[in-house]
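Below: one structure, written as structure tokens.
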Amino acid sequence: MSNLSNARLPEPGQKTIYLFSGLGADYHAFGRLSLPGYHLVYIRWIRPEKGESMAQYAGRLRSQITVPRPILIGLSFGGMIAVEVAKQLPAEKIVLISSAKTRSDLAAGANFFFKWKLYRYIPGQLLQQSNFIVNKLFGAETASDKEVLGAILEDTDVPFFRWAMDNIVHWDNETIPPHLIHIHGTADRIIPFSAVKADYAIEGGGHLMVLNRADTISRIILDFLHS
């Protein structure tokens, strides 16, 4: 689990944004976003308890949120957790990137890999290595993208990954919190664009477009926060 301290305090008048990274990722996934004027706090993944649901897990993460009506940004699996947090703690605004709002957003991705829960049988060592197939799947285009993805995979907590995949498969949420926007890439191979009802489509963006479309995504987020 990430051990980022988030020790810096907000400046007077600054609003706080809480960022939920993707599955197995840490704050580095957001490293290319530019959100000047906001105090950024990166939610730290904690170890899940046996049999814990996504909603229960989100409830324990709430202790890291210390302001009323927070702004939440969630990437991929982190977006689903942000939705569950917002169902328990009203948020001022929510931004999902390469993520899903409800169970129906995941329907197109429910292929044999998930149906038969094959992710349970992949050796942990393979989950922590990048390769051509993984780079293609996540949309890592440049050498820099591949380096960041490789670092993310290398730091993946395997038990956490398996727990999260089980919870994604069984996620039954149909509630969309208010004040939410969904940004999604048209070339996403993890959560297909055709399955989601995105508010903003990023042409050619893959699942990790937060890396290689960061300028565009930053502008969309800032426009939304200032509206």
Probe 1.4 Å, all chains present, heavy atoms only: residue 104 accessible area in Å², nearest 10, is 60
Could you go through the range 45-60 in sequence order and give the Karplus-derived ³J(HN,Hα) for each residue, using 6.51 cos²θ - 1.76 cosθ + 1.60 with θ = phi - 60°, rounded to whole Hz, and x for Gly and Pro? 5, 10, 6, x, 8, 4, x, 6, 7, 4, 5, 5, 5, 4, x, 6
In whole percent, what relative contact order does the range 42-103 give with Cα contacts below 8 Å and a gap of six or more residues? 33
Please compute the modelled spin-label separation between residue 174 and residue 67, points set 7 Å along Cα→Cβ, answer in nm with one decimal. 3.5
Please list, in chain and number order, the residues 5+ apart from residue 185 or on another chain whose amide H is under 5 Å from its amide H, with Hs placed from the backbone. 98, 202
In whole Hz and in residue order, list the ³J(HN,Hα) couplings for the range 90-99 that follow from phi through the Karplus curve 6.51 cos²θ - 1.76 cosθ + 1.60, θ = phi - 60°; x for Gly and Pro. x, 10, 5, 8, 9, 10, 9, 10, 6, 9
Compute, for residue 213, the solvent-accessible surface of its heavy atoms (probe 1.4 Å) with the complete set of protein chains present, and express it in square angstrom to the nearest 10. 60
For residue 17, enumerate residues with amide H under 5 Å from its amide H, sequence gap 5+ or separate chain, H modeled in the peptide plane. 39, 40, 41
Taking a probe of 1.4 angstrom, what is the accessible area of residue 174 in Å², to the nearest 10? 120
Would you mind checking the pairs 93/197; 87/197; 15/197 and listing those with alpha carbons more than 25 angstrom apart? 15/197
Could you put 18, 38 in order of accessible surface area, largest first, with the 1.4 Å probe and the full protein assembly present? 38, 18
Using only the heavy atoms of the protein chains and a 1.4 Å probe, how would 102, 66 rank by accessible area, largest first? 66, 102
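The values are calculated or read from the model by the stated rules, or taken from the named source; none is laboratory data. This is a predicted model, so every value here is computed, not measured. Cβ: placed from backbone, ideal geometry, glycine included. Neighbour counts: every protein chain shown. Side chains included, ligands, DNA and RNA excluded: accessible areas come from the protein's heavy atoms. Shrake-Rupley method; radii C 1.70, N 1.55, O 1.52, S 1.80 Å.
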